[in-house]
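One structure below.
FYI, it's all coordinate maths here, none of it is from the lab. Only a predicted model underlies this, so the values are computations on that prediction, with no experimental measurement involved.
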Amino acid sequence: EILHELAHLGNLRDKVEEEILGLTDVYKTICDYNGYLSSQIETYKAYLGNVRMQSAMPKNNRKKMPVGVTVLDPQPLQSRRQQQNAQQRRQEASPASVDYRLDALERLGVVCKSNIPENRQDKVYFSFSSPCPASYVVKLYYKGREKPVVNMDLLLEDLLERKHNRIEILDL
């Protein structure tokens, strides 16, 4: 009886070892697929960076880039430092903004609906600015106040996603 029990336990041990080998193979496959997905994400990030860089440049300054090519350092180091210093000075000097009154935006079709009472609409204006490429700031001011009533930071990527999802209204 003891010999029979040992033979049975030996069979169970062999089955468990086979299962461990199978699970080890599955784990290796999952790790390989994870590496593949990570490389796909990095490729997508590089592509998105190229698109943002190209969209931030004026059309006449754009260079045609092959698909999938990432340009990390298009300029010499000293030139990049000078450009970074100039950009930092521009950001410290506050970005240029464009102001519109509410009624002007309604005439242009930018504002489709407003909950602001009519007696206050002439005292409300919007300020639009772009502190850096692919980033926009919308501020709602009420005349007589220094600080904006509403301050909203928008990224180009978020706006494009909203457009893709056919969400045309931005609720401030």
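Once amide H atoms are placed 1.01 Å from N in the peptide plane, what residues at a sequence separation of 5 or more from Val110, or on another chain, have their amide H within under 5 Å of its amide H?
none
Calculate one ³J(HN,Hα) per residue across the range 143-157 by plugging θ = phi - 60° into the Karplus curve 6.51 cos²θ - 1.76 cosθ + 1.60, and present them in order as whole Hz with x for glycine and proline.
Once rounded to whole Hz, the list reads 4, x, 10, 6, 8, x, 6, 10, 10, 10, 9, 10, 9, 4, 4.
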